[in-house]
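Undergrad: A single structure is presented below for examination.
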Amino acid sequence: MQSQLLTAPKLLEVPQALPEKIYTTERVGISRKTHDEHLKLWIGYTNKTNEIRKALAEIDLDPAKANQIYSQMRALKINYAFAYGGYVNHLVYFHSIGGEGGPATGDIATLIKESFGTFEHWAADWKATGIAGRGWAFLAYDHLDQRVHTYMGDSQDTYPAWNNTLLLGLDVYEHAYYLDFQTARAKYIDAYMQVIDWGAANARLAKALGR
Ligand SMILES: [Fe+2]
């Protein structure tokens with residue numbers, strides 16, 4: 001049976017280092033050691049994404065081999081969403097901190113007011129979402145209703161919505177904070193709020209809107 005792709009898969013560039021600005025989070029207690037260990041996990045998601053892309057390019061497409069209970073196709077499709085979700089979530093996380101924190105700026109400030117009334121209300125929603133989630137809180141721009149929404153993630157591949165651009169990702173897996181804050185996740189989220197790089201998030205939005 002012919003392989004699925006007639007061209008070679010496009011592979012992700014494996015990150016070698018984090019943006020230097022991220023280490024300024026030490027001022028609020030999110031340590032260099034946490035970030036350096038976290039980078040290893042991000043590299044793992046990247047490598048596995050590439051591995052699955054290669055496997056999908058070479059998989060035997062005989063429909064008799066695909067099966068909804070267990071099959072190679074099923075395993076690759078499920079784990080691709082987890083691996084690539086992990087890559088993108090961490091990409092946004094690592095590029096959206098190391099800033100000045102505080103109230104949102106630019107277009108995102110306007111969008112937050114449209115959706116949440118005040119920045120303070122959004123901040124309360126964000127913190128509660130981060131505590132309710134088992135893995136992530138996401139801030140994303142919905143291209144359909146043209147508003148920002150917060151979403152919760154229990155893993156790398158849940159529960160994002162289609163047609164959204166991810167603007168902020170708050171990693172609440174224990175590996176993101178246990179070394180520095182032990183089980184005090186709320187304190188970690190408070191620290192995160194002080195280091196959001198709103199400029200980076202606004203740049204992500206502007207790029208998505210073609211501005
Ligand atoms: Fe993480």
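Undergrad: With springs connecting C-alpha atoms under 10 Å apart, model the chain as a Gaussian network and identify which of P63, P160, P19 has the largest mean-square fluctuation.
TA: Answer for the Gaussian network model of the chain: P63.
Undergrad: Any chance you could give the angle, 0 to 90 degrees and rounded to 10, that helix 198-208 forms with the longest Cα principal axis of the chain?
TA: The answer is roughly 40 degrees.
Undergrad: Which whole-number percent is the relative contact order of the chain (Cα, under 8 Å, 6+ apart)?
TA: Relative contact order of the chain: 24 percent.
Undergrad: With Cβ to Cβ distances under 14 Å as the rule, what net charge do the other residues near R204 carry (K, R +1; D, E -1)?
TA: 0
Undergrad: Can I ask one more? If I take every Cα pair under 8 Å that is 6 or more residues apart in the range 73-180, average their sequence separation and divide by the length, what percent do I get for the relative contact order?
TA: So the answer I get is 28 percent.
Undergrad: Can you give the extra length, in nm with one decimal, that the chain gains between D60 and L6 once fully stretched, where that is 0.36 nm per residue apart less the Cα-Cα distance?
TA: That pair, D60 and L6, stretches by 18.2 nm at full extension.
Undergrad: If you average over every viewing direction, what projected area does the convex hull of the Cα atoms of the range 106-208 give, in nm²?
TA: Mean projected area of the Cα convex hull: 6.2 nm².
Undergrad: Go ahead and estimate [θ] at 222 nm for the chain from helices alone: -39,500 (n - 2.57) per DSSP H run with n ≥ 4, summed, over the residue count, rounded to 500.
TA: Helices in the chain give a 222 nm mean residue ellipticity of -15500 deg cm²/dmol.
Undergrad: I'd like the GluC sites (Glu not before Pro) in the range 1-97 restricted to DSSP loop residues with at most 16 other Cβ atoms within 10 Å, sorted by number.
TA: Hits after loop and neighbour filter: E13.
Undergrad: Same structure again: Using alpha carbons only, what's the Rg to Rh ratio of the chain with Rh from Kirkwood?
TA: That ratio is 1.01, to two decimals.
Undergrad: Tell me, what HN-Hα J-couplings in whole Hz come from the Karplus equation 6.51 cos²θ - 1.76 cosθ + 1.60 at θ = phi - 60° for each residue of the range 134-151, using x for Gly and Pro?
TA: Once rounded to whole Hz, the list reads 9, x, 8, 10, 10, 10, 9, 9, 8, 6, 7, 8, 6, 10, 8, 9, 9, 10.
Undergrad: Hey, another quick one. At a temperature of 4 °C and a viscosity of 1.567 mPa s, determine how fast the range 31-95 diffuses translationally according to Stokes-Einstein, using the Kirkwood radius over alpha-carbon pairs as Rh; express D in µm²/s, rounded to the nearest whole number.
TA: Stokes-Einstein gives a translational diffusion coefficient of 99 µm²/s.
Undergrad: What is the helix-to-structure angle for 106-116, meaning the angle in degrees between its Cα long axis and the longest Cα principal axis of the chain, kept from 0 to 90 and rounded to the nearest 10?
TA: 90 degrees
Undergrad: So how far apart, in nm, are the two label points at F119 and I131 if each is 7 Å from Cα heading toward Cβ?
TA: Result for the modelled spin labels: 2.2 nm.
Undergrad: Relative contact order of the range 1-111: what whole-number percent is it, with Cα pairs under 8 angstrom and at least 6 residues apart?
TA: Rounded, it is 37 percent for the range 1-111.
Undergrad: By how many degrees, between 0 and 90 and to the nearest 10, does the Cα long axis of helix 119-132 differ from the longest principal axis of the chain?
TA: 50 degrees
We did not get these values from a lab; they are worked out from the coordinates using the rules stated. Note that this is a predicted model, so its numbers are computed, not measured. Ideal geometry is used to build each Cβ from the backbone, glycine not excepted, and the neighbour counts take in all protein chains shown.
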